[in-house]
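Reading through the structure tokens given below for one structure.
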Amino acid sequence: MSVGTGTIPFGRPMIGDEEREAVAEVLAGPVLSHGPRGHDFEHAFAEFTGAPHAIATSSCAAALHLAYLGLGIGPGDEVIVPAQTHVATAHVVEACGAKPVFVDCDPNGNVDLDAAAAAVTERTRAISPVHYLGLPVDMERVLELARRHDLFVVEDCALALGATWDDVHTGLHGDVGCFSFYPVKHITTSEGGMAISRREDVAERLSKQRAFGIDRTVVAERRHSGAYDVELLGLNYRMSELNAAIGVEQLKKLPSFLEARARNARTIMAGLDGHELVHVLDTSGGGRARASFYGVEAVLAQPVAARREELIGLLKERGLGVSIHYPRPVPLTTYYKGAYGYREGEFPNAERISFESITLPVGPHLGEGDAERAVAILRDGVEELAA
């Protein structure tokens, strides 16, 4: 779909007649939860990623929370998380009563693994690598660190659907991998998430804990369908049949979505290559890493960086929507500064990216020529503000 000379939004859910018909079919029936669409979506997602087990949830944050609950993370434990991420990565650790220990990112946005190794203490139980903007973390080094200190690995794959390390899909290197289906992600279910794992014991536990910890099998002999027991502490993190129906249709379109993202990203990267006012982060992958291209991150040089909000307004006026990933490093938000005493200057790479960059759109909603137009609008805008 071309947007011609109109506005290029940062993201747009690519919903077609297939998704609308799937939702209508669910609404025409009596089952809105605990039904076949959820199982179909899990099976299709497992097939796409190569996962032995896939558990659909109400959000990526829900999947992450379940992962830590399922692994037994709790009070007194520490989990290493990158400073450069969405706040959900840390919030779910806090929600378990554990402590998130923040480390800086490398210059391209992924967790600094030397800093992560230095942050390990006797209380560290897990590390959560975030595949920033769809660029896989060096999972060989992550797993070496985990083995050396007997740590769990919970991969935050919210922006990494379709990405691989050593031809293995993100989320399958560690104990659990968690994905997001928010409206502007690689696919959407309107809201929703997924956890994948190679570990049958963990997958079974997560599956029960997403639905209150209920176990219906242990009371089957009671011979009535309403009988159940509660085996675990659980929550209501289930995905509805409506969400799952959308997800099934979206997965069929994912290969073409990924092709469009890669094409648009490479066009934008090439168009900004060598620009003295814009440094594009190298999130395109290569070698052992295949990226999934959530967006193109452009770090702004001074004096444009100091006028970033003005630039964003100017770009919007001229038809280009951009985003910020993320407005500030998580440990420098009010909550985490107050809870743990973090201060500016402790995370220089994350601070530079958060405070001086914008993320350009690359999604399949871009029409013919839109990637080139995005480059032209940005180049004109930064040069105008720098003049």
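The values are calculated or read from the model by the stated rules, or taken from the named source; none is laboratory data. Keep in mind that what you see is a predicted model, and the values were worked out from it rather than measured. Because the Cβ atoms are built from the backbone with ideal geometry, glycine has one as well, and the counts that use them run over all protein chains shown. Surface accessibility is based on the protein's heavy atoms, side chains included, excluding ligands, DNA and RNA. Shrake-Rupley method; radii C 1.70, N 1.55, O 1.52, S 1.80 Å.
Ranking 100, 41, 214 by how far each Cα lies toward the positive end of the dipole of the chain (charges on Cβ) leaves 214 at the top.
With no solvent and one equal point scatterer placed on each C-alpha of the range 1-83, evaluate the Debye formula and give log10 I(q)/I(0) for q = 0.17, 0.20 Å⁻¹, two decimals. Reported log10 I(q)/I(0), two decimals: -1.00, -1.10. Note on the chain: lysine pairs with Cα distance below 24 Å, sequence gap of 8 or more or different chains, count 4. A 1.4 Å probe run over the chain, with the rest of the protein chains in place, finds 42 Å² accessible per residue.
Taking only C-alpha pairs under 8 Å that are 6+ residues apart, what is the relative contact order of the chain in percent? Relative contact order here is 23 percent.
Sorting 197, 207 by accessible area puts them as 207, 197; the probe is 1.4 Å, largest comes first, and only protein heavy atoms count. Model label sites at residue 32 and residue 190, defined 7 Å from Cα along the beta-carbon direction, differ in position by 1.0 nm.
Surface composition of the range 265-311: carbon and sulfur make up 46 percent of the accessible area, probe 1.4 Å.
If contacts are Cα pairs under 8 angstrom and at least 6 residues apart, what is the relative contact order of the range 1-151 in percent?
This gives 16 percent for the range 1-151.
The gain in end-to-end length when the residue 21 to residue 316 segment is fully stretched comes to 102.8 nm, 0.36 nm per residue minus the alpha carbon separation.
In the assembled protein chains, residue 60 presents an accessible area of approximately 10 Å² (probe radius 1.4 Å).
Over all alpha-carbon pairs in the range 109-161, figure out the percentage whose distance exceeds 12 Å. Looking at the range 109-161, the distances longer than 12 Å represent 61 percent of pairs.
Seen from every direction in turn and averaged, the convex hull around the alpha carbons of the range 225-314 projects onto 12.1 nm². Diffusion coefficient (Stokes-Einstein, Kirkwood radius over C-alpha pairs, 37 °C, 0.692 mPa s) for the range 76-211: 218 µm²/s, rounded to a whole number. The distance linking the range 344-378 with the range 57-114 is 24 Å (Cα centroid to Cα centroid, whole angstrom). Using the Cβ-Cβ distance between residue 123 and residue 275 with R0 = 41 Å, the FRET efficiency computed as 1/(1 + (r/R0)^6) comes to roughly 0.35.
Solvent-accessible area of the range 18-141 (1.4 angstrom probe, protein heavy atoms only): carbon and sulfur portion equals 53 percent.
Please report Rg over Rh for the chain, where both radii come from the alpha carbon positions and Rh follows the Kirkwood definition.
0.99
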